[in-house]
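Everything below concerns the one structure shown next.
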Amino acid sequence: MSTIRNSEFEIETNPWALKDDVESALFYRGAALSAWAQIESLLIELAFRASCDDAYRQIRGSYPYKLPNRLAYFRAVLDAPGPLSPYHALGRALIERWERAATMRHIMAHGRMRILSGPGPIATVTFVDIRPAGKGHGTMRETKLSLADMERGALKVTRFSRVLQRIIGRLDQGSLLPPLETES
């Protein structure tokens, strides 16, 4: 049984949150965010490397910097003839999977987290974020998850990250795209 004493890692002051619940929520959130960072950077790396390949240079004059534009560029790369043509369907499926989970990724990355321990093993984790709606307008969004929901979500996104890493490893074995120089 957990004590009611706060965790050293707790980011809110809540006397009703059990230490184990706080640390579990922080762990699942951290695992999910680490996996999302891995996924996003791998997709961006693929798009950037494609922009360095002669087959895809005509798609755009310069590499896009905003994430939605990068994903649109990567879609255009997948649609164009070139070394990634055989991976069109797989690449599109990866982008769609990323987009389906973008709201949860945003909530986990930018939402304020509150934890309320319940009876037995039940805790409610609430994420609160602001959704801008024009100048001077916005709404507060609350998303409630159980620790089990958070665990399932973290497992799902870490598996997605590992799948994407394996796919990119196979692409690299075939030397389909120019490598990037590594800077130390």
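Some notes on this structure:
- Any chance Arg97 is among the basic types (Lys, Arg), touching a residue at least 12 places away in the same chain (Cβ under 8 Å), assigned to a helix (DSSP H, G or I) and closer than 20 Å to Ala37 by Cβ: yes
- Qualifying residue in segment 37-52 (condition: at pLDDT 90 or above and surrounded by 15 or more Cβ atoms within 10 Å (Cβ to Cβ)): yes
- Against the criterion of being outside any loop (DSSP other than H, G, I, E, B) and at pLDDT 90 or above, Ala76 qualifies.
- Check on Gly91, part of a loop (DSSP other than H, G, I, E, B) and either within 21 Å of Gly169 (Cα to Cα) or at pLDDT below 90 (or both): no
- Scanning segment 53-69 for residues that are among the charged types (D, E, K, R) and buried (at least 19 other Cβ atoms within 10 Å of the Cβ) yields nothing.
- Qualifying positions in segment 130-173 - without any contact (Cβ under 8 Å) to a residue 12 or more places away in the chain and more than 23 Å from Arg100 (Cβ to Cβ): Gly134, Lys135, Gly136, His137, Gly138, Gly169, Arg170, Asp172, Gln173
The values are calculated or read from the model by the stated rules, or taken from the named source; none is laboratory data. What you see is a predicted model, and the numbers here were worked out from it, not measured in a lab. Here the Cβ is made from the backbone with ideal geometry for all residues, glycine too, and neighbour counts use every protein chain on show.
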